[in-house]
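Asks: Right, I'll just put the structure down here and ask away after.
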Amino acid sequence: MLKTTRWATLAALLMVAASAAVTPLASQAQGQPAAPAAAPAAAPTAAPAPAPAATPAPAAKANGGKGTEVVENPYGLEALWRGSDWVAKGTLVILAIMSIGSWYIIVTKVYEQYKLGREARVAEKSFWSAPSVKQGADGLKEGSPFRFIAESGLEAQSKHTGLLGNINLSDWVSASIQRAIDNVASRLQDGLAFLATVGSTAPFVGLFGTVWGIYHALTAIGIAGQASIDRVAGPVGEALIMTAIGLAVAVPAVLGYNWLIRRNKRAMEEVRAFGADLHAVLMSAKSAPAKA
C-alpha cells in the first residue's frame, strides 16, 4: 500500500515538473508570431523613405547645383537690340554717343579746372615775389593761363607805339589783359554747349524711340488681330526702355553742366583778380621811371 502511494506521489511530481517545463515553451511559441506581424507593419513606413531623397538629386544637378532656376529675360536690352529695326538701332547709337560725349566732357573739364586751381596757387606763391613781371612770368609753367595773361600785359606795354600811342596806356594795357582773360574763359567754356544740347534733346530722342516702338507694337497687334498681353508686353516694354535711356543720358548732362558752370565762375574769379593786380603792377612800374 505504501509502495503504491510512493509511486503515485512520484508520478504526480513528474507530471508537475513536466507541466512546468512545457509552460515556458508554450509561452515562447505563442510570442513568436508577433515578430512577423510587426515586420510587415514597419515595412510600409520604411519603403517610401528613399523616394523623396532620390527626387531632389536630379533637380539640383539639372540646375547646376543651385536651388533657383535662371530664366533669360525676353524683354531686356539684348532683346531690344535683336528685335529692333534700323531706326531703333540708330536711336540707341545716338543716345550712346551723347552719353559717352557727356561723360568725356565732364571728366576733362573737371581736370582742367583742377589744373587751373593748382596753377593759381603756384602763381600766388611765386609770381608776386619775383623782382619783375618778366621774371615772374618766366617762372610760371609753359601753357599756364596766368603766364599767358602776364605775357599779354607785357606785350601790350611794349607795343604802345605809333597809332596805339594815341590810346591811354592804362586803357590799352587793361584792354589787352581783358582780352587774355576772355580767352581763358572761352577755353573753360568749351564743351559746355554740348552738355546743354544733350540735356535738352536726349529726352526727346528717347521719346522718339518710344513712339517708334509703340507704332511697331500696334502694327503687330493689327496683323495678329488680337491684343493679348503676350503680344503687347514685349514691344511696349522695349519702347519704354528707350524713354528710360533718354532720361539716363539727359540727367547727368544737365547736372554736369550746372556743376561745371559754378566751378568755372569760381575759377574765373581768381583769374580776374590776377589780371587786376597785374594791371596795377604794370602801371606802377611804368610810372616809376617818369617820376624819377
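The values are calculated or read from the model by the stated rules, or taken from the named source; none is laboratory data. Remember, it's a predicted structure, so these values are computed and weren't measured experimentally. Virtual Cβ from ideal backbone geometry, glycine too; neighbours counted across all protein chains shown.
Asks: I'm checking my understanding of the structure. Among residues of the stretch 173-189 that are in contact (Cβ under 8 Å) with a residue 12 or more places away in the chain and over 16 Å from ALA276 (Cβ atoms), which one is surrounded by the fewest Cβ atoms within 10 Å (Cβ to Cβ)?
Replies: Looking only at the stretch 173-189, we keep the residues that are in contact (Cβ under 8 Å) with a residue 12 or more places away in the chain, and these are 173-181, 183-185, 187-189.
Of the ones still in play, those that are also over 16 Å from ALA276 (Cβ atoms) are 183, 187-189.
Numbers: ASN183: 14, ARG187: 12, LEU188: 22, GLN189: 14.
Of everything passing the filter in the stretch 173-189, ARG187 is surrounded by the fewest Cβ atoms within 10 Å (Cβ to Cβ).
Asks: Still on this structure, I have one more. Testing ALA239 on (1) modelled with pLDDT of 75 or more; (2) more than 24 Å from SER99 (Cα to Cα); (3) under 27 Å from the mean Cα position of the chain (by Cα); (4) not basic (Lys, Arg), one condition comes back false. Which one is that?
Replies: For ALA239, the exception is condition (2).
Asks: Mind checking which pairs have a first residue in the stretch 146-161 that is closer than 24 Å to ALA267 by Cα and a second that is among the hydroxyl-bearing types (Ser, Thr, Tyr), Cβ under 7 Å, 6 or more apart or different chains?
Replies: Pairs that qualify, where the first residue is closer than 24 Å to ALA267 by Cα and the partner is among the hydroxyl-bearing types (Ser, Thr, Tyr), are SER152/SER176; GLY153/SER176.
Asks: How many residues, within the stretch 140-172, are under 45 Å from the mean Cα position of the chain (by Cα) and loosely packed, with under 15 Cβ neighbours inside 10 Å?
Replies: 3
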